[in-house]
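Worksheet: one structure, shown below.
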């Protein structure tokens, strides 16, 4: 009799628990729908990470070859297609065709083209502008969102040189200064890192890169796709209590401008030396947005004979007009402006002859 009573109690507890869970789920769904009806949408920041990247033991992550889809954001929806060589670009053979000059462009989401269609990127603008005067130049876009200078150097050494480029262009954005010191970005993606050795050379650490935690990836996805979680996160952040630092590891690095400049300059110098030894021309493109350490790096590179193209100093450049609102990446107008200015610079410097 006692066993039957216990079974009945357990059954009742399970039923009550199921009812509580079902009621909670219904409330959550209605709250989610209500927030969206009221116009509060999730951030959709970095939505491509789960679908358009894949793990790479050397680089941390890379564009996923053959992947195709859309990058959605409250302010845009653009199509994305990754080729068989992990690039958001058309297919390029490793072998040159005839006497074609090749321009390889490295960088992060500014090169990759966050927020714009493939044909709107400044790299594609350069290709079209050059083609109006010659058909013997091929531009290859090797941008990967979230990368910093160290990953771009490693990709160049392992893959980029196989394209036999005549000119390599590296876009350096001001956040690279800090990210070059990190072994993790976006609070959950592990990456390689160079540290200075006793002899002044750079030593690679952190490889093979550990996989990102599946739990953290799930939490990241929910943060980006749930209006409720996005609202809670924004409210707690504005109150001064950043709940994200409890869920996602706090990986902030101490601000040391001298260390940032030194490491980034050494990385840029290593790229320049590598290319010089192979007779490849190198152009450093910097976009600093008022960051003094970035400006100091630009000056230091130029003083050491590196060809510099500084976006901030371009006459007519307007951040308000040429970037995505509340984001900072270049919009189609910005890409067009930078692409045309860069084409003129390359021609004036006679880098494509």
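For the reader, a short list of remarks on this structure follows.
- Residue match in the stretch 159-166 (condition: on the phi < 0 side of the Ramachandran plot and in contact with a helix residue (DSSP H, G or I) (Cβ under 6 Å, 6 or more places away or on another chain)): no
- Only listed residue being crowded, with 20+ Cβ neighbours inside 10 Å and part of a strand (DSSP E or B), chosen from 130, 125, 140, 203: 140
- Residue list for the stretch 266-279, restricted to those being more than 18 Å from residue 110 (Cβ to Cβ) and buried (at least 19 other Cβ atoms within 10 Å of the Cβ): 272, 275
- Taking helices (runs of 4 or more DSSP H) as the structural unit, those lying wholly within the stretch 249-353 and holding at least 1 residues that are in contact (Cβ under 8 Å) with a residue 24 or more places away in the chain and over 29 Å from residue 130 (Cα atoms) correspond to 257-277, 292-303.
- The residues on offer are 279, 240, and the sole one that is modelled with pLDDT of 75 or more and on the phi > 0 side of the Ramachandran plot is 279.
- Counting only residues that are within 13 Å of residue 124 (Cα to Cα) and in contact with a strand residue (DSSP E or B) (Cβ under 9 Å, 6 or more places away or on another chain), the stretch 342-353 holds 1 of them.
- For the stretch 180-200, the set of residues classified as in a loop (DSSP other than H, G, I, E, B) and within 19 Å of the chain's Cα centre (by Cα) consists of 180, 181, 182, 183, 186, 187, 188, 191, 192, listed by residue number.
The values are calculated or read from the model by the stated rules, or taken from the named source; none is laboratory data. Quick caveat: nothing in here was measured; it's all calculated off a predicted structure. We place every Cβ from the backbone using ideal geometry, glycine too, and count neighbours over all the protein chains shown.
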